[in-house]
Amino acid sequence: MSHSLQALDRAHHLHPFTDFKALGEEGSRIIERAEGVYIFDAEGNRILDGMAGLWCVNLGYGREELVTAAAEQMRQLPYYNNFFKTTHPPAVKLAEKLCALAPAHLNHVFFTGSGSEANDTVLRMVRRYWALKGRPEKQWVIGRENGYHGSTVAGMSLGGMAPMHDQGGPCVPGITHVRQPWWFGEGRDQDPEAFGRKCATAIEERILELGEEKVAAFIAEPVQGAGGAIMPPESYWPAVKAVLAKYDILLVVDEVICGFGRLGEWFGSVHYDLAPDLVPIAKGLSSGYLPIGGVLVGDRVADTLVEEGGEFFHGFTYSGHPVCAAVALKNLELMEAEGVVERVRDELGPYLARRWATLSDHPLVGEARSLGLMGALELIDPASGERFDKALAAGNLCRDISFRRGLVMRSVGDTMIIAPPLVITREQIDELVTLAREALDETARRLAPRVADEPQPEERPE
Ligand code: PXG
């Protein structure tokens, strides 16, 4: 069964962010079902999902209430749109719920089908806002190198992933990128707080280069997710806020990963006290059960769009899809009723931080960091204390070993990442940390004899 599916997969299916040929040779792993924090593959292996799917299954798998919410809404009204002066109860109720959960100045939402579409919406809204304000020359948006804002043309242009720009370019004009606040990767020779301030200064320098009257917005994730779970130094965000206020530039905080409890607050902006003007959301909004995203819009922008805007020529067939909205609403209600976010903040986040930090004594680990239920390990070569030779692809090796041993841990270069479902228990966090250590051990053994140039056999987990 799994072999025939693999063959069909190879024959017909082009996977996202995948080297098609290499995957064809290897064959894909088929995930058949899931429960709680575990996924099960076609071979019957149980694997702890340390990535909550793709940073999204915040409530964990197998929540019957979400299934029921979808089924009931499908029977009631499987589809209707929000164009042409119509709407439906799920979209309205979800909008109201989101605005109640968000900081006080965020009182409107524009729905989309994904995080990428949310960021396309952001770009159009930002430019429209300044045009309505009589300042159409305010066009430039500043993003960050190694930031991720999606894979549509606007999303990848706002993001700072160089390999995506190389393949997908030319990018949308009027977008530029500044350095990221990744202390381990780019500032290890400096005091972290001084480094954080320097990264904020880089924004100011770029604003002055472009001309402050031409800069519309700055976009960033509170903590970079896909870029490598990069928590900025404490000095960074206050300094960034001060720069943006000085030059009257909108702040867009992309909460697609950090929103809905990941960092121990409903929004990462709350953790860092950011008061953003626009907030793209997706993923954890529905715990990934159905695709839905949106942009929360602050009063400053919303008032202008509503009072002075006329028709905004923008929207998607599935903006506020009733079934997706019903599931998202139920997801938020469950998270609220079960105190999921507070538990991440007060109990599970601090617990993970303690347990995750124990990995920093491993010879392969140059830094172990975490915030809420997001963690990263920076791999280093114990022989030199520096990064491994890129050709060894140590991160990929560690990821594959980890997966085989029963833990989904993702790699970005030589940074290992986890972001498990928010309903994980303390015992399961212990299991996650143990599996991560075992994966590091095997990675170290596999890399150690590399001078002998002999491939090592794969170890079977005990
Ligand atoms: N913003 C952020 C911050 C994201 O992380 C998007 C926007 C785009 O969302 P959609 O729904 O269009 O995918 C994302 C998505 C990874 C990985 O490998 C991360 C994402 C997507 C795919 C892979 O870490 N984040």
Task: Under the Karplus curve 6.51 cos²θ - 1.76 cosθ + 1.60, θ = phi - 60°, whole-Hz ³J(HN,Hα) for segment 403-414, x wherever Gly or Pro sits - done: 4, 5, 8, x, 9, 7, 10, 9, 10, 10, x, 9
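Find out how many positive minus negative residues lie around HIS13, taking Lys and Arg as positive, Asp and Glu as negative, among other residues whose Cβ is under 15 Å from that of HIS13.
After counting each charged neighbour, the total is -1.
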Open item on the list: For the ranges 153-160, 310-317, 29-36, what's the packing order if you count other beta-carbon atoms within 10 Å of each residue, average per peptide, and put the highest first?
Closed with: 153-160, 29-36, 310-317
Task: CD proxy at 222 nm, helix term only [per DSSP H run n ≥ 4: -39500 (n - 2.57); per residue of the chain; nearest 500] - done: -12500 deg cm²/dmol
Task: Amide H partners (placed H, <5 Å) of ARG410, local residues excluded - done: ILE417
Open item on the list: On C-alpha positions alone, give me the angle between the axis of helix 236-246 and the longest principal axis of the chain, in degrees, nearest 10.
Closed with: 20
Open item on the list: Could you work out the relative contact order of segment 201-313? I mean the mean sequence separation of Cα pairs under 8 Å and 6+ apart, divided by the number of residues, in percent.
Closed with: 20
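Near GLY159, within a Cβ-to-Cβ distance under 10 Å, what is the net charge of the other residues, with Lys and Arg +1 and Asp and Glu -1? Let's see the in-between values first.
Working: positive: ARG144; negative: GLU145, GLU221, ASP254.
Counting the neighbours of GLY159, the net charge comes to -2.
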- [ ] Using only alpha carbon pairs under 8 Å that are at least six residues apart, calculate the relative contact order of the chain and give it in whole percent.
- [x] 20
TODO: Take the alpha carbon gyration tensor of segment 272-406, find the square roots of its eigenvalues, order them as a ≥ b ≥ c, and report rounded if a/c is under 1.5; if not, report prolate when a/b exceeds b/c, else oblate.
DONE: prolate
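Could you compute the net charge surrounding VAL126? Neighbours are other residues with a C-beta less than 14 Å from the C-beta of VAL126; K and R count +1, D and E count -1.
Working: positive: ARG124, ARG127, ARG128, LYS133, ARG135, LYS138, LYS214, ARG300; negative: ASP120, GLU137, ASP248, ASP254, ASP277.
My count for the surroundings of VAL126 gives +3.
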Open item on the list: Through the Karplus equation 6.51 cos²θ - 1.76 cosθ + 1.60, θ set to phi - 60°, convert the phi angles of segment 355-369 into ³J(HN,Hα) values in whole Hz; use x for Gly and Pro.
Closed with: 6, 5, 4, 5, 6, 5, 7, 6, x, 8, 9, x, 7, 10, 9
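Among the DSSP beta bridges whose two residues both lie in the chain, what percent are antiparallel, rounded to the nearest 5? Could you put the intermediate results ahead of the total?
On the way: 32 of 45 bridges.
Roughly 70 percent of the DSSP beta bridges within the chain come out antiparallel.
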Task: Volume per residue of the C-alpha convex hull in segment 164-314, rounded to whole Å³ - done: 153
Open item on the list: I'd like the Karplus ³J(HN,Hα) series for segment 188-204: coefficients 6.51, -1.76, 1.60, θ = phi - 60°, whole numbers in Hz, and an x wherever there's a Gly or Pro.
Closed with: 5, 7, 10, 5, x, 6, 5, 4, x, 5, 4, 5, 6, 4, 4, 5, 4
- [ ] Take the alpha carbon gyration tensor of the chain, find the square roots of its eigenvalues, order them as a ≥ b ≥ c, and report rounded if a/c is under 1.5; if not, report prolate when a/b exceeds b/c, else oblate.
- [x] oblate
Task: Degrees between helix 89-101 axis and first principal axis of the chain (Cα, 0 to 90, nearest 10) - done: 80
- [ ] Sequence neighbours fewer than 8 away in the same chain don't count; with that in mind, list the aspartates and glutamates whose C-alpha is under 19 Å from LYS21.
- [x] ASP9, ASP400
- [ ] Relative to the longest principal axis of the C-alpha atoms of the chain, give the angle of the C-alpha long axis of helix 426-447, reported between 0 and 90° and rounded to the nearest 10°.
- [x] 60
Task: Close Lys-Lys pairs in segment 65-337, where close means Cα under 25 Å and separation is 8 or more or interchain - done: 19
- [ ] In nm, give the distance between the simple-model label positions of GLU137 and ARG75, each being 7 Å from the Cα along the Cα-to-Cβ direction.
- [x] 6.1
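Just check segment 65-337 against the gyration tensor rule for me: Cα atoms, a ≥ b ≥ c as the square roots of the eigenvalues, rounded for a/c under 1.5, and otherwise prolate or oblate depending on whether a/b exceeds b/c. It would help to have the intermediate numbers written out before the result.
On the way: a/c = 1.87, a/b = 1.46, b/c = 1.28.
Because a/c hits 1.5 or more and a/b exceeds b/c, segment 65-337 counts as prolate.
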Task: Residue order, fewest to most beta carbons within 10 Å, for HIS165, HIS88 - done: HIS165, HIS88
Task: Which of GLY169, ALA202, GLY143, positive extreme of dipole for segment 141-218 (C-beta unit charges) - done: GLY169
Task: Neighbour-count order for CYS199, CYS171, CYS258, fewest beta carbons within 10 angstrom listed first - done: CYS171, CYS199, CYS258
Open item on the list: Can you tell me what share of the DSSP beta bridges in segment 65-337 is antiparallel? A percent to the nearest 5 is fine.
Closed with: 50
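Could you sort the peptides 89-96, 410-417, 285-292 by per-residue average Cβ neighbour count (10 Å cutoff), highest mean leading?
Values: 89-96: 19.2, 410-417: 22.1, 285-292: 25.4.
The most tightly packed comes first, giving 285-292, 410-417, 89-96.
The numbers here are math on the coordinates, done by the rules we state, and not lab data. Values in this document were obtained by computation on a predicted structure and should not be read as measured data. Backbone-built Cβ (ideal geometry, glycine too); neighbour counts: all protein chains shown.
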